[in-house]
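In what follows, a single structure is set out as structure tokens and then discussed.
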Amino acid sequence: MISYIKGELVYIGSDSVIVDNNGIGYNIGISANTLTRLPHINQTVKIYTYMNVKEDEVSLFGFMSREELDMFNMLIAVNGVGPKGALAVLSVLSPGEIALAVASNDIKTLSSGKGVGKKMAERIALELRDKVADNMDTTKASVELPAFKDNTERSDALAGLMVLGYSRSEAARAVDTVYKDGMTSGDIVKLALKTLY
């Protein structure tokens, strides 16, 4: 098993990278979240990996953090979720957001990955509920989405978006994206709605 690969980043594609380690180029499948965190071409990168071995194919999937790899391993352990399905979820949600969605049974958020339907999202929520509680660092999970406890305007905007039918994680991400000091809850909601359409 290859735990991680450290080397020169020589290629970045839309869903894969090539890392040169001692003259060997490793083609590694990645999520959209990992893609946004990569260094520039020709710089050194360390990618935590999972090797998927099938009868006719050996594939590597890579992540910038152990937390992301741990969540990937939990997702592929769910019946019917393969590496590509797990990557689809991790492309739109961070490990902390997945943990929150599982804990709150937020099927809408879990099904936001490309090709992830309602049934698969329901299986993820059902099968991972106990694992997420046992294996994820709850402090990290809660930090990744803003709590807004110290800011009434943000809290009100979050509540308003949830009343409109958005999940807590969707609403929190939108509020966090648009918020600037001094904004009213109405301003936050108006701008957040634009990011959610």
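The values are calculated or read from the model by the stated rules, or taken from the named source; none is laboratory data. These figures come from a predicted structure and were not determined experimentally. Cβ atoms come from the backbone with ideal geometry, glycine included; neighbour counts cover every protein chain shown.
Before moving on, here are some points about what is shown:
- Tally of residues being without any contact (Cβ under 8 Å) to a residue 24 or more places away in the chain and out of contact with any Leu (no Cβ under 7 Å at 6 or more places or on another chain) across segment 174-185: 4
- Per-region count, segment 34-76, residues outside any helix (DSSP H, G or I) and either of a type outside the set (Val, Ile, Thr) or assigned by TED's automatic domain parsing to the domain that holds Ala101 (or both): 22
- Any pair with Cβ under 8 angstrom, 6 or more apart, that starts in segment 34-62 at a residue that is on the phi < 0 side of the Ramachandran plot and among the aliphatic types (A, V, I, L, M) and ends at one that is assigned to a loop (DSSP other than H, G, I, E, B) and surrounded by 10 or more Cβ atoms within 10 Å (Cβ to Cβ): Leu35/Asp15; Leu38/Met64; Val45/Leu38; Val45/Pro39; Ile47/Met64; Met51/Ile2; Leu60/Ile2
- Scan of segment 13-33 for residues that are part of a strand (DSSP E or B) and within 19 Å of the chain's Cα centre (by Cα), ordered by number: Ser16, Val17, Ile28, Gly29, Ile30
- Taking (1) modelled with pLDDT of 90 or more; (2) among the acidic types (Asp, Glu); (3) surrounded by fewer than 16 Cβ atoms within 10 Å (Cβ to Cβ) in turn, Glu55 satisfies each apart from (1).
- Selection count where residues are in contact with a Leu (Cβ under 9 Å, 6 or more places away or on another chain) and either surrounded by 12 or more Cβ atoms within 10 Å (Cβ to Cβ) or among the polar types (S, T, N, Q) (or both), scope segment 17-40: 15
- Out of Ala99, Ala86, one residue alone is under 12 Å from the mean Cα position of the chain (by Cα) and free of Cβ contacts under 8 Å to residues at least 40 places away in the same chain. It is Ala86.
- Looking only at segment 157-169, and only at residues there that are touching a residue at least 12 places away in the same chain (Cβ under 8 Å) and in a helix (DSSP H, G or I), the one that is surrounded by the most Cβ atoms within 10 Å (Cβ to Cβ): Ala157
- Only one of the numbered conditions (1) modelled with pLDDT under 95; (2) assigned by TED's automatic domain parsing to the domain that holds Leu9; (3) part of a loop (DSSP other than H, G, I, E, B) is not met by Asn79, and that is (2).
- Every residue from segment 170-188 that is in a loop (DSSP other than H, G, I, E, B) and buried (at least 16 other Cβ atoms within 10 Å of the Cβ): Tyr179, Met183
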